[in-house]
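Asks: My structure is below; once you've seen it, I'll send some questions.
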Amino acid sequence: MGQLDRITQQPDVMGGKACLRGMRVTVGTIVGQIGAGRTVEQVLVDYPYLEREDVLQALRYAA
């Protein structure tokens, strides 16, 4: 398994849920978007401050 260095968990950010790079975007939010049928590219348009590797690590983390 690759390193998940973009996944952070801090008690004071989103209640300690797994987030991307300390931002208020949870892994669950991204996984939910993909699960609803959105593509990685569509997610990146919706969240322009994320990078492709952020989305891919969120999916690996959830798996």
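The values are calculated or read from the model by the stated rules, or taken from the named source; none is laboratory data. Quick caveat, the model's predicted, so the values are computed rather than measured. Backbone-built Cβ (ideal geometry, glycine too); neighbour counts: all protein chains shown.
Asks: Across the range 6-19, what is the total count of residues that are in contact (Cβ under 8 Å) with a residue 12 or more places away in the chain and part of a loop (DSSP other than H, G, I, E, B)?
Replies: Residues meeting the conditions: 3.
Asks: Under 6 Å between Cβ atoms, which residue pairs at least 6 apart in sequence (or on different chains) link something in the range 26-48 that is under 24 Å from residue 13 (Cβ atoms) and of a type in the set (S, T, N, Q) with a partner that is in a helix (DSSP H, G or I) and at pLDDT 95 or above?
Replies: Filtered contacts from the range 26-48: 26/14; 33/43.
Asks: Let me ask something else. Can you pull out the residues in the range 20-63 that are within 9 Å of the chain's Cα centre (by Cα), of a type in the set (S, T, N, Q) and assigned to a helix (DSSP H, G or I)?
Replies: Once the filter is applied, which keeps residues that are within 9 Å of the chain's Cα centre (by Cα), of a type in the set (S, T, N, Q) and assigned to a helix (DSSP H, G or I), the range 20-63 yields 29, 57.
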